[in-house]
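Input: a single structure, listed below in structure tokens.
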Amino acid sequence: MTRPEEAGYGPLIHRRYLFGLLLRLCVNFAGGVGILFVILYFALSRPLPVEYAGIFHALRNLSPFLRPILAVSVLVYALLACGSTSALCVYVLHKVAGPLYRMELVLDQYRSGAPTRTVSFRNNDQIQPLAQAFNQWIGTLRRDRHRWLATMKDAERHFLQDEATRRVKMEEALRKVAEDMARYH
Amino acid sequence: MKTPPPRPSPSRIRYVSPRFQGPAVLAFTVIIVIGGAIFWKLVDGEFRRIFPLTAIQGHYTFDSAYDIVRDLLAWHLAGLFIGVFLAGSALVLLLVAVTRHGIGKVVDSLRASADGDLSTPTGAGSIGEFDRFGEKIDAVRSDTLASVLTIRSEVTSLASSGISPEEFRLRWDELKHRIRRIAP
């Protein structure tokens, strides 16, 4: 597989996009851990009793008391982190999912035989070389089509000549077109 | 009064592709849940060990339970953050690598198509969305190849047929019409 950069296209995924995604994830996870810390801080910050027996009993009974609090805090952390990460994934990955969806629409349109327009993605979308490669292919096909039709039209220009000469010219044109089409395999 | 022609609807922008973003979201969720479960297990075990121990040893220079577990909690929270972030980063790099590989293959196959190769399969990889997309590209290339080959065989047969001029002219026009339908 050749890299798109080597073929004169831009990169499929820009480094800036990748680092941006990692940075957002870092902030997101740090936020989640921060929230978990705040919950646990408030749960653990209750002042201990002053007298010896009170402290002893408080500490002895603290871990069973903290267990559900710890479980709920971790659950809150997991829910918040999962929610924000999902939103981040949808927001960031649509720059790849969007162009794929757009390309699928174009491919469906092409297969249905409807006129296909040049594909272009949004400015900040990734995988731009996909649109460039598709446009290049369609462009080549159209150039070939024009050339084949031009060859046939050129043969038609002999309509003023006698039937036999015209037929020979048209058959020559057909052989030329067939030869040209042979590059497709 | 003339009614204005209907405006072409702007192309829809779809932000969610469950087939592409869904597995990524699911994988991140698994990482976060596993990280949280490990954190809960470790911290709960430490709490159950450290509070009774502190009660027995009698070091009561603490105002609150937080003072007893401050360092332990800080280390575990740091571990949770680093573990989840590293696993998440690895997942991001994997996603990017899979995207580069899958779409890179599709780009290669489209470039090969421009050079006339419409039959070599794209082979965009076994990851669901890219595999499906590669198959779609292959279907388009295959349709184009079938169309070109049909026209070519028609061109060859017409060039070597000894049919009447009227029939020749009819087939010639039909051929032009079919060529016009390539990449409309």
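At R0 = 41 Å, how high is the FRET efficiency between A:Ala53 and A:Leu80 if r is their beta carbon distance? Nearest 0.05 is fine. Working shown, then result.
Working: r = 39 Å, r/R0 = 0.96.
With a Förster radius of 41 Å, E is 0.55.
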Problem set entry | chymotrypsin sites (Phe, Trp or Tyr not before Pro) restricted to DSSP loop in segment B:123-170 with at most 16 other C-beta within 10 Å | none
Exercise. Other chains' Cβ within 10 Å of A:126-137 residues: what's the mean?
Worked result: 6
Problem set entry | Cα-projected label distance for B:Asp117 with A:Ser45, points at 7 Å along beta-carbon direction, nm | 6.6
Problem set entry | Net lengthening on full extension, B:Trp75/B:Ser89 (0.36 nm per residue, minus Cα-Cα) | 3.0 nm
Problem set entry | Other protein chain Cβ atoms within 10 Å, averaged over every residue that makes up A:167-177 | 4
Exercise. What's the exposure ranking of A:Val96, B:Val106, A:Val50, going from fewest to most Cβ atoms within 10 Å?
Worked result: A:Val50, A:Val96, B:Val106
Exercise. Just how large is the dipole of segment A:8-126 about the Cα centre, in debye to the nearest 20, putting +1 at every Lys and Arg Cβ and -1 at every Asp and Glu Cβ?
Worked result: 240
Exercise. Of all the Cα-Cα pairs you can form in the protein assembly as shown, what percent are over 31 Å apart?
Worked result: 58
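Quick one: what do you get for segment A:127-185 if you divide its Cα Rg by 2.2 N^0.38 Å?
Values: Rg = 16.0 Å, N = 59, 2.2 N^0.38 = 10.4 Å.
Cα Rg divided by the expected 2.2 N^0.38 Å: 1.54.
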Exercise. What FRET efficiency do you get for B:Ile34 and A:Val72 if R0 is 22 Å and r is their Cβ-Cβ distance, rounded to the nearest 0.05?
Worked result: 0.75
Problem set entry | Calculated over chain B: convex hull of Cα atoms, volume per residue (Å³) | 190
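Hey, with R₀ at 56 Å, roughly what FRET efficiency would A:Phe19 and B:Asp67 work out to, going by the Cβ-Cβ distance, to 0.05?
Numbers: r = 39 Å, r/R0 = 0.70.
The computed FRET efficiency comes out at 0.90.
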Problem set entry | Backbone HN-Hα couplings from phi across segment B:41-48 [Karplus 6.51/-1.76/1.60, Hz, Gly and Pro as x] | 4, 5, 5, 4, x, 5, 4, 5
Exercise. Non-local amide H neighbours of B:Ser64 (under 5 Å, H modeled in plane, Pro and chain starts lacking H): which ones?
Worked result: A:Leu48
Exercise. Where a Cα-Cα gap under 26 Å defines reach, which lysines qualify for A:Lys153, not counting those fewer than 8 residues away within the same chain?
Worked result: A:Lys169, A:Lys176, B:Lys176
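Can you put B:Lys176, A:Lys95 in order, fewest other beta carbons within 10 Å first?
Working: B:Lys176 14, A:Lys95 19.
Ranking B:Lys176, A:Lys95 by Cβ neighbours within 10 Å, fewest first, gives B:Lys176, A:Lys95.
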Exercise. Any idea how far apart A:Asn124 and A:Asp180 come out in nm if each label point goes 7 Å out from Cα toward Cβ?
Worked result: 4.5
Exercise. Among the lysines, which fall within straight-line cross-link reach of B:Lys136, defined as a Cα-Cα distance under 24 Å, with same-chain neighbours fewer than 8 residues apart omitted?
Worked result: A:Lys95, B:Lys105
For this session: Provide a whole-number value for the mean count of partner chain Cβ atoms within 10 Å of the Cβ atoms in peptide A:116-123.
Result: 0
Problem set entry | Label-to-label distance, nm, for residues given as B:Glu46 and B:Leu149 (7 Å Cα→Cβ offset) | 6.6
Problem set entry | Listed residues A:Met152, A:Ala133, A:Val27: farthest to the positive end of the dipole of segment A:1-158 (Cβ charges) | A:Met152
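Based on other C-beta atoms within 10 Å, arrange A:Leu141, A:Leu40 from fewest to most. Could the numbers behind the result be given before it?
Details: A:Leu141 19, A:Leu40 22.
Listed from fewest to most nearby Cβ atoms, that is A:Leu141, A:Leu40.
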For this session: Go through segment A:134-139 residue by residue and turn each phi into a ³J(HN,Hα) via Karplus (6.51, -1.76, 1.60, θ = phi - 60°); whole Hz please, and just put x for glycine and proline.
Result: 5, 4, 5, 5, 4, x
Exercise. For chain A, what is the convex hull volume of the alpha-carbon atoms per residue, in Å³?
Worked result: 181
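No lab work stands behind these numbers, since they all come straight from the coordinates. The structure presented is a predicted model; accordingly, all values stated were derived computationally and were not measured. Don't worry about glycine lacking a Cβ; one is built from the backbone with ideal geometry, like all the others, and counts go over all protein chains shown.
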